[in-house]
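The next block holds one structure in the form of structure tokens; read it before the comments.
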Amino acid sequence: MQEFILGSDVMHSMMKVVYEVAQYDVNVLLTGESGTGKEMLAKIIHLQSPRAENPFVPVNCGVLSGLMFEDKLFGHEKGSFTGAIRREKGCFEMADKGTLFLDEVSEIPLENQVDFLRVLEDFRFLRIGGNELIEVDVRIVSATNKDFKDQVKRGLFREDLFYRLHVVPIYIPPLRERKTVIPRMVDHFLNQLAANYKKPKPPVKREVIDIFCRYDWPGNVRELKNLLERVFIINDDDVIGMEHLPSDFLWHFREPPRMTDLEEVKRAAETQAILDVLHRLGGDKERAARILRISPRTLRYKLNKYNIKVDRRGEPVPGDMLSQPGERLSLRPLYH
Ligand SMILES: Nc1ncnc2c1ncn2[C@@H]1O[C@H](COP(=O)(O)OP(=O)(O)O)[C@@H](O)[C@H]1O
Ligand SMILES: [Mg+2]
């Protein structure tokens, strides 16, 4: 198991709860934004529990509905539906004596929630097309990055099932609320990368750590880890400096131009607003136009006129906008 970096009092208290609850078969609900470490903590709970020797089975509840959901969780008998060419166990059976990790649990479709709750009450169920009652011994850990209570309030999630899963809630704060851990994480991930890629670990310049501490990391620890991997792989120098950071990362810190020419001011303001909206909407130009209250045609015209380029996810494609990233840094995130 990889080391879970704590680095702050809040995280130490959270970890104490994790270790305590690990000992008991109580249902744990991990909440926090994507990339904060929920799945890793679920594994730690399993490994610290008396079930550690038995399977840990993760299942993503966000991608399944109806019969597919039932099939994934409870399995099926041979011939129970077209394509069921042999008996197949579901996640509950696979996790027998171990831990079932229900990721994105708040996404379980409403239509599946009643049956699901029933199984959580007595851990007995039928495979699809089966008539033999299967009984399993499973510990449930679930996770969500949604405002779960709000889902309940809006009628998207049954309250009784919510309380069943929510016996011990554990909240993992986003990385931007515990930035003091960033230097340690950088060190930790570079050690890991050096070991994985069998390459020496480069030292990191102070200004790189500084800029990391100014950034808000909407993708949390996952985003930091992925960025370091990118930088580590392409870096051939013996130290990591600003010049090694990708320009799409540096774009978040670009300096707004100081101008007196009104046409230029207008161009810069419009460019920024367009980029901001496209970035937030993941590149959806139709919706962006609606939010900007212009027609899609006008948006296309402006993109063209101002030479704004974005990729399919709405991230700006660095080019004319940011020709020399290092020189124009204001160290002030404008977005997120
Ligand atoms: N505190 C931490 N220490 C070390 N690695 C971490 C930590 N938090 C997250 N990670 C790493 O970040 C990535 C995302 O974590 P994950 O558990 O998948 O997040 P989530 O399930 O909340 O989206 C994983 O590669 C995980 O190993
Ligand atoms: Mg996850």
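Since every read-out is calculated from the coordinates, none of them should be taken as a lab result. Computed from a predicted structure; not experimentally measured. Heads up, the Cβs are rebuilt from the backbone with ideal geometry, glycines too, and the neighbour counts pull from every protein chain shown.
Beta bridges assigned by DSSP with both partners in the chain are antiparallel in approximately 20 percent of cases. Arranged from fewest to most other beta-carbon atoms within 10 Å of their beta carbon, Glu132, Glu264 become Glu132, Glu264.
Grab the alpha carbons of region 141-230, take their convex hull, and tell me the volume per residue in Å³.
Once divided by residue count, the hull of region 141-230 is 130 Å³.
When only the Cβ of Lys, Arg, Asp and Glu is charged (+1, +1, -1, -1), the dipole of the chain relative to its Cα centre reaches about 880 debye. Between the Cα long axis of helix 296-305 and the first principal axis of the chain there is an angle of about 50°, rounded to the nearest 10.
Remark: relative contact order (the chain) = 17 percent; criterion is Cα-Cα distance under 8 angstrom and separation of 6 or more residues.
Along its first, second and third principal axes, ordered by size, the chain spans 77, 50, 38 Å in Cα coordinates. When shorter helices are ignored and each DSSP H run of at least 4 residues is given -39500 (n - 2.57), the per-residue value for the chain at 222 nm works out to -12500 deg cm²/dmol. Restricting attention to region 9-173, close to 15% of DSSP beta bridges with both partner residues there are antiparallel.
When only the Cβ of Lys, Arg, Asp and Glu is charged (+1, +1, -1, -1), the dipole of region 176-245 relative to its Cα centre reaches about 300 debye. Taking amide H as placed 1.01 Å from N in the peptide plane, the amide H of Gly98 sits under 5 Å from that of Arg139, each at least 5 places away or on another chain. Computed from backbone phi, the HN-Hα couplings of region 151-168 come to 4, 5, 4, 7, x, 8, 9, 5, 5, 5, 5, 4, 5, 4, 7, 9, 4, 10 Hz, rounded to whole numbers (Karplus: 6.51 cos²θ - 1.76 cosθ + 1.60, θ = phi - 60°; Gly and Pro given as x).
Taking Cα atoms, how many degrees apart are the long axis of helix 182-197 and the longest axis of the chain, rounded to 10 and kept between 0 and 90? Its long axis makes an angle of about 80 degrees.
To the nearest ten degrees, helix 110-122 and the longest principal axis of the Cα atoms of the chain are 50 degrees apart. In this label model, Asp238 and Asp160 are separated by 6.8 nm, measuring between points 7 Å along each Cα→Cβ vector.
Our note on the geometry: Cα centres of region 68-117 and region 284-314, 43 Å apart.
Counting other Cβ atoms within 10 Å as a rough exposure proxy, the listed residues Leu292, Leu73 run Leu292, Leu73 from fewest neighbours to most.
What ranking of Met68, Met94 emerges when the number of other C-beta atoms within 10 Å of each C-beta is taken as an exposure proxy, fewest first?
Values: Met68 12, Met94 16.
Sorted ascending by nearby Cβ count, the order is Met68, Met94.
Applying 1/(1 + (r/R0)^6) with R0 = 22 Å to the Cβ-Cβ distance of Lys199 and Asn226 gives a FRET efficiency near 0.80.
Placing unit charges on each Cβ (+1 for Lys and Arg, -1 for Asp and Glu) gives the chain a dipole about its Cα centre, and among Ile140, Phe189, Leu41 the Cα reaching farthest toward its positive end belongs to Phe189. Charges were assigned to the Cβ only: +1 to each Lys and Arg, -1 to each Asp and Glu. The resulting dipole of region 207-263 about its Cα centre is roughly 300 debye.
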